[in-house]
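J.: Sharing a structure here in structure tokens format.
The values are calculated or read from the model by the stated rules, or taken from the named source; none is laboratory data. Quantities reported herein were computed from a predicted structural model and do not represent experimental measurements. Counting neighbours? That spans all protein chains shown, and the Cβs are built from the backbone with ideal geometry, glycine included.
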Amino acid sequence: MSRKKIIAGNWKMFKTLSEAELLVAEINNKLLQNLASAEVWIAPPALYLPTLTSQFSGSEIQFGAQDISKHQQGAYTGEISAMMLQSVMAKFTLVGHSERRQYHHEDDVLIGAKIHAALSQSITPVYCCGETLQERNSNNHFVIVEQQITTALANCSAEQVQQIVIAYEPVWAIGTGVTASAEQAQEMHAFIRSILAQKYGASIADTIRILYGGSVKPNNASELFSQPDIDGGLIGGASLVAADFIAIIESAI
Ligand code: PEP
């Protein structure tokens, strides 16, 4: 099964609006070559989405959010709903990023509700999961990732799960400069696909794209992306530098 790779940038809480416009323009200008074999997604701070989606509406780049509310609407100060994201042409949203888990105490039950909120407006959830260093060192990484996935996707039908993208992001590799080796990442991706196969069948599991995230840089991207179960990357720090992000995209095509 050939799955189209996704290179997704997570800008986190960086860049002013004018810096964001410049960075997208720089990336967009360099994306002149045929992108038939990879998709480029960017998650800027949500308040820039209306500007970026209209300014770059003809571009190959797809824009999305870094988070979403589980609620449809209501008195939830500071939250952003799926309908709001849909109305500004967001195509996807991250859910369950480790920084949301760590600083906002999000758990997989809440994250599962966010997945459903996104799907209700045809926004692709990019479900982030991954173990801490302590969990890996105590050899619990497979158990933890399995628990995360089975809890968050517990109420998803086979049809819904096909609309989800999974990002395996070992917490110890995010923003640390330490990358999982290609073997470690492939081993976990294959494991995740086997969980999906058990639950939804091998042919569905085969269609689901599983991205790797955690200190992906131009010098390690090719090796990671050449693994059979790694379908691209979720890129933090390196997505903020046009030349690095472009080099990573080029490693995937
Ligand atoms: C991330 O924020 O999802 C991430 C993977 O960050 P970095 O690439 O900086 O490790």
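J.: Hey, among ILE208, ILE230, which residue is touching a Phe, Trp or Tyr at 6+ places or on another chain (Cβ under 8 Å) and at pLDDT 95 or above?
T.: That would be ILE230, the only listed residue that is touching a Phe, Trp or Tyr at 6+ places or on another chain (Cβ under 8 Å) and at pLDDT 95 or above.
J.: Here is a list: ILE249, ILE192. Which entry is under 19 Å from LEU31 (Cβ atoms) and touching a strand residue (DSSP E or B) at 6+ places or on another chain (Cβ under 7 Å)?
T.: ILE249
J.: From the residues in segment 94-114 that are among the small types (Gly, Ala, Ser) and within 14 Å of the ligand (Cβ to nearest atom), which one is farthest from PRO125 (Cα to Cα)?
T.: By that ranking, first place goes to SER98.
J.: Pull out all pairs, ordered by first then second residue, where Cβ-Cβ is under 9 Å, the residues are six or more apart or on different chains, the first lies in segment 167-191 and is closer than 17 Å to ALA8 by Cβ, and the second is within 14 Å of the ligand (Cβ to nearest atom) and basic (Lys, Arg).
T.: That search, which allows pairs on different chains as well, returns GLY175/LYS12; THR179/LYS217.
J.: I'd like to check something: does segment 73-83 contain any residue that is of a type outside the set (Asp, Glu), assigned to a strand (DSSP E or B) and touching a residue at least 24 places away in the same chain (Cβ under 8 Å)?
T.: Checked segment 73-83: no residue is of a type outside the set (Asp, Glu), assigned to a strand (DSSP E or B) and touching a residue at least 24 places away in the same chain (Cβ under 8 Å).
Residue-by-condition table, conditions (1) in a helix (DSSP H, G or I); (2) surrounded by fewer than 17 Cβ atoms within 10 Å (Cβ to Cβ):
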| site | (1), (2) |
| --- | --- |
| GLU187 | yes, yes |
| THR207 | no, yes |
| SER215 | no, no |
| ASN219 | no, yes |
| ILE230 | no, no |
| ALA243 | yes, yes |
| ALA247 | yes, no |
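J.: Can you tell me which condition ALA173 does not meet? The list is (1) modelled with pLDDT of 95 or more; (2) crowded, with 17+ Cβ neighbours inside 10 Å, and all the others hold.
T.: ALA173 satisfies every listed condition except (1).
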